[in-house]
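Structure provided below as structure tokens; questions to follow.
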Amino acid sequence: MVADNEATHQKISDHPPDCVLFDYDSAGQHGTEQISRIHDEQPAVPIIALVGDGNENRGGEAIRAGATDCLHTRFATTACDVVAIRIANAVSSQRSTDQTAHETNKLDQILTTVPTAITQVAATGEIVFANQHAQDHLGVEPSEATDRTYNDPRWEITDVDGTPLPDEELPFQQVMNTGEPIESFRHNIVWPDGQSRTVEINGSPLCDDAGNVESVVFAIVDITEQQDRVDTLRRHKTYLEHSPDVVHLLAADGTVTYQSPSATQAGDFVLRDLVGKEPNEFIHPADQERVQSDFEEVLASGLDETIKTEFRIETADGTYRWFENRATNYLDHEPIDGILVTSRQIDERKQRKQELEAERAFIQQALDGINDIFYLIGADGTIKRWNEQLVSTTGYTATEISGMEASELFPESEHDSVAAAIATAVEDGSATIEATLQTKSGELIPYNWSGARLCDADGNTSGIVGIGRDISEQKAKQTKLEETTRRLETVLSKTDTGVWTLDVADESFVSVRMPDGIGVDGEATDIESYLQQIHPADRAAVQDAIESAIDRQGEFDTEFRLDDDAYERWLRAYGTVIDDESGSLKVVGLTTEVTERVHRTNGLEKRQRVLQELHNATQQLYTVREKSEVAEVVVGLLRDALDLTHVGIALFSEETGTLQTVDATPDFEAVTCLPNDLSPGDHPVWDAYQTGESNIVCGEALKTKTTGDTEPIECLLAVPIGDFGVVTTCLVDDTTFETVDTDLIEIIAANTAAALEAIETTTERTEIAEALSTQRMQTNELRQVVAVMQSIQKQVSQAESRAEICATICGELTTLDTIEFAWVGRPKATDTAFETTATSGNGKQYINTVQSDGETPNLPAHLAADRREVYRNEAIAADVRDTSWAKEALSAGYRSVLSVPLVHEGVVYDVITVYAAAENAFTAVYETLLDDIGSLLLNYTQLVNREQLTTEDNHTVATFSFSDDSYPLEELSKRSGSKIHLNTVVRTTDDILTLLITADTADRQAVQECAEDVATVRSAKPIGTA
């Protein structure tokens, strides 16, 4: 209803409504009278007064005049459901007792009609009412909703980013705590079917007669799809802003109508702005014809086609860059209505392609130079690549070989075996076969073929690559060798061991057969020379076993080691004592090597023991948090479990690029098998780290690399610990590393790498968490800066004087957490004389102290004005000895300062300076802020000045001249024939005065030429436009 509308009053009288919504603001000063009149004429009709921003205090006047309730005007446009509830409550409370049932039915109809979920939550937090639309927006039936509380765990409430919300931030608690309505609160809930949905909530308190909140009514809407669309748009925008690709939109004539912001991110160069231009003028001349043809193909294509092309385009610096472009025709298809082109810079790809082609040619040349046949068979079984040797040997041309089935190079009788070898190579990774090569003329040549499986980047088999070697001569030699071997095996078919006899009477020793490889000298002539070949530690046991057999005239069986420095070899000697035909006793013995069995048995026992200790140590490894502690545990394990006395661990340092020893046994430190800081180079330890494979170096090869300080190093084993470092162990006695020791050390190294990887993963997670924390702090800081800028813009636009503008700027700047003191200064006649226009904070005394110290002021503001550029000092304390102002600033509690001059057409008008209590406080955000504020100050100061000029009726213009031509401006006026207006002194130094003047003439060039003829004028130049 509006004021003074008699027709409306008459309509209310003739047809009393259920409720009157009264726009209190529109009624103006007659609002109270109108409400009183409606209430007097229709006391049974409730009245709800709508009050807007700034008039909330008038709500009490409306209630006293007869209004039933008061509601903010914005609810009538943004939360109709809340208005409906308020209307229902007002109508219900006005109805008499005999109309209760009828009105309750009406309210139910309203709640059913409202297309949102309406719930009522008691002060205890229990949901006591839910309308039928709860199923649509909450995913539960009304009866199930009233079985829950507002914060029931089944809702699984989080914010829109998925972070759980505490109770005090939920809408119910906010309304209960403040007693005020809540609008447009969004959070996520989980429906019983597991869906995560986003809902928007408006809530209003229901109070008892005493004004206490007894329940809260909520209107809830499922906005999941709307939120998804918003998120999708945000992602698309983020892609365009941050994608390395460049997106252009072209009209049908080729003109660029849009260029994405990511054009500046295309590489270490800047693309030209092509909007409104035809790209063809910037395309490399050699590519233009092809690009034009491709563009015509795009015009003729449909939505389901994407045309790909590559060409070079000229960048802003005049260089050409390669781009891969994908174009799709969306002409006459909204909302794009153009040709969409996505471009990606491919200079590196082009360069790599050229390098690969050169490398391929080099490899082919190298392959053609070998005597063996090189081949590559594709996954389809055809020959894909070969060398010249295949052409020259078979007689086939390159054209005939290309695409030939591999089996065509072999006789049909060998096709199955060749196919089986290919299958083996594919399955096991490699295969070797002897197969006959059949030339084009039918000649058969025996070849040995070796092949290895070839895989693509995804690990899928793409073919087989290998070498074929002519073995004609080898086959002939093999045939001869087989014949010799057959004859030898005929003689020695009943034994593969050494056979010897011992005459007990004269102790003569005869070797019947003693294979060279067994390690026993077959030339021994007596038992003593036989025993001398046995390791001293085992010699007595062997001798006792033989003598015991002689005494018993029985059998013997013993095992022993050879006295061999190179390797610990084990032999078994067994036999019996017999009487020969002459009646003398003879020992018939057999000797065979059992090294592998003994080592295997000892190794298994040792492996089992060490693995148990490794299991125990591994549990300790994953509890430490420092790499040095891991090294200490592993060194102790190797020392105690494997009885290794010389063990050290070196880890790679990214800072120095070297392997640095972090832990070692005392004996290891006593020798120089590994420097504490090992640089890359020719060293067995670095070789192991570089190749990622264990490295054993012994004997003379080792002595050329390292030597011991106190004892010689006989053997060194270096085992890589992934990419983290190397575990090194040395032997100083005449022994070598057993295979089991090497295997166990490699297992321990692998576990060590896993433990170090776990430590690095933990460290990376910590660093990521710290980075996220820093990012959140920067986001909050940026929000504060934006809020301050918005506030300054609003206040400055309403300011009536320059002083008020400067005071507003300073006051708002010091509301930022970072800024402790802000001031605006204006240069006077010289850059060193400043007028303090406005300040905010506790630093004015500091400014006064510095400017009155008797010396030439040199504040940051002076430095910025003098240099006409931003002055930033992130560590004031570092300049205390050099400048007096720094000591005063530090005494005032300031550690960072940022000063931005406001320069327009070469003139410094103002300088804005801010101080902070922390070092490194001012990021680029603050520099941008002060720069923007300076622009505001200049623009609005000019507006205020113009307004003052138009409003001031009385002002005085003084015009005068000098009779003395020695004054340069007087001389310039006479020479140019125009009046010269002195606007301001721009800059003053010991010998130069810079002035800003205006000449009353349209010929600025003539004035400039005249000025250059004045003796005392050093230079003159025009500023601005005519």
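Could you count how many residues in the stretch 125-158 are assigned to a loop (DSSP other than H, G, I, E, B), more than 42 Å from the chain's Cα centre (by Cα) and more than 14 Å from LEU170 (Cα to Cα)? Give the derivation first.
Quick first cut of the stretch 125-158, residues assigned to a loop (DSSP other than H, G, I, E, B) only: 125, 131-133, 139-141, 146-148, 150-152, 156-157.
With more than 42 Å from the chain's Cα centre (by Cα) added as a condition, the list becomes 125, 131-133, 141, 146-148.
Okay, now just the ones that are also more than 14 Å from LEU170 (Cα to Cα), so 131-133, 141, 146-148.
Final tally of qualifying residues: 7.
Taking into account only those residues within the stretch 683-717 that are surrounded by 12 or more Cβ atoms within 10 Å (Cβ to Cβ) and of a type in the set (Ser, Thr, Tyr), which is modelled with the lowest pLDDT?
The residue in question is THR707.
Still on this structure, please answer the following. Could you list, in sequence order, all residues of the stretch 149-158 that are surrounded by 14 or more Cβ atoms within 10 Å (Cβ to Cβ) and either out of contact with any Gly (no Cβ under 8 Å at 6 or more places or on another chain) or touching a residue at least 40 places away in the same chain (Cβ under 8 Å) (or both)?
Across the stretch 149-158, the qualifying residues are ASP152, ARG154, TRP155, ILE157, THR158.
Against the conditions (1) assigned to a strand (DSSP E or B); (2) at pLDDT 85 or above, where does THR591 fall short? Just the number, please.
(2)
While we're here: Scan the stretch 184-207 and give yes if some residue there is within 16 Å of ALA122 (Cα to Cα) and among the acidic types (Asp, Glu), otherwise no.
Among the residues of the stretch 184-207, not one is within 16 Å of ALA122 (Cα to Cα) and among the acidic types (Asp, Glu), which makes the answer no.
When the residues of the stretch 755-793 are narrowed to those that are more than 17 Å from ILE819 (Cα to Cα) and touching a residue at least 24 places away in the same chain (Cβ under 8 Å), which ends up surrounded by the most Cβ atoms within 10 Å (Cβ to Cβ)?
That would be ALA755.
One line per residue, one yes/no per condition, for (1) modelled with pLDDT of 85 or more; (2) more than 27 Å from VAL426 (Cβ to Cβ):
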| residue | (1), (2) |
| --- | --- |
| ALA358 | no, yes |
| GLN364 | no, no |
| ILE370 | no, no |
| ILE373 | yes, no |
| ILE377 | yes, no |
| LYS384 | yes, no |
| ASN387 | yes, no |
| VAL391 | yes, no |
| THR394 | yes, no |
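On to the next question. In the stretch 347-359, is there at least one residue being in contact (Cβ under 8 Å) with a residue 60 or more places away in the chain and within 30 Å of THR306 (Cα to Cα)? Reasoning before the result, please.
In the first step, residues of the stretch 347-359 are kept if they are in contact (Cβ under 8 Å) with a residue 60 or more places away in the chain; the result is 347.
Keeping just the survivors that are within 30 Å of THR306 (Cα to Cα) gives 347.
Yes, the stretch 347-359 has at least one match.
Does ALA358 satisfy the criteria of being within 35 Å of the chain's Cα centre (by Cα) and small (Gly, Ala, Ser)?
Considered against the rule, which asks whether it is within 35 Å of the chain's Cα centre (by Cα) and small (Gly, Ala, Ser), ALA358 comes out as yes.
Output the residue which, of all residues in the stretch 551-601 that are free of Cβ contacts under 8 Å to residues at least 40 places away in the same chain, in contact with a strand residue (DSSP E or B) (Cβ under 8 Å, 6 or more places away or on another chain) and small (Gly, Ala, Ser), is farthest from ASP734 (Cα to Cα).
GLY554
Kindly indicate whether THR839 is of a type in the set (Ser, Thr, Tyr) and without any contact (Cβ under 8 Å) to a residue 24 or more places away in the chain. Please lay out each step first, then the result.
Working: of a type in the set (Ser, Thr, Tyr): yes; without any contact (Cβ under 8 Å) to a residue 24 or more places away in the chain: no.
So THR839 fails the test.
If you scan the stretch 638-649, which residues turn out to be more than 16 Å from ALA754 (Cα to Cα) and within 42 Å of the chain's Cα centre (by Cα)?
Answer for the stretch 638-649, where residues must be more than 16 Å from ALA754 (Cα to Cα) and within 42 Å of the chain's Cα centre (by Cα): LEU638, ARG639, VAL647, GLY648.
Residue under question is ARG881, and the condition is that it be over 25 Å from LYS828 (Cα atoms) and crowded, with 16+ Cβ neighbours inside 10 Å; does it hold?
It is false that ARG881 is over 25 Å from LYS828 (Cα atoms) and crowded, with 16+ Cβ neighbours inside 10 Å.
Then there is this: Suppose we filter LEU367, LEU409 for residues that are in contact (Cβ under 8 Å) with a residue 24 or more places away in the chain, touching a helix residue (DSSP H, G or I) at 6+ places or on another chain (Cβ under 9 Å) and surrounded by 16 or more Cβ atoms within 10 Å (Cβ to Cβ); which single one remains?
LEU409
Between residues in the stretch 61-83 that are free of Cβ contacts under 8 Å to residues at least 24 places away in the same chain and of a type in the set (Asp, Glu) and residues that are assigned to a loop (DSSP other than H, G, I, E, B) and crowded, with 19+ Cβ neighbours inside 10 Å, which pairs lie under 9 Å by C-beta distance while being six or more apart or on different chains?
As it stands, the answer is ASP69/PRO46, since those pairs meet every condition given.
Return the total of residues in the stretch 90-120 being at pLDDT 70 or above and surrounded by 19 or more Cβ atoms within 10 Å (Cβ to Cβ).
Count: 6.
Quick check on the stretch 785-798. Is at least one of its residues at pLDDT below 85 and basic (Lys, Arg)?
no
Working carefully through the options THR146, THR163, THR178, THR198, find the one that is without any contact (Cβ under 8 Å) to a residue 24 or more places away in the chain, within 18 Å of ALA117 (Cα to Cα) and among the polar types (S, T, N, Q).
THR146
The values are calculated or read from the model by the stated rules, or taken from the named source; none is laboratory data. In this text the structure is predicted, and so the values were computed from the model without any measurement. Glycine also receives a Cβ, built like all others from the backbone with ideal geometry; neighbour counts cover every protein chain displayed.
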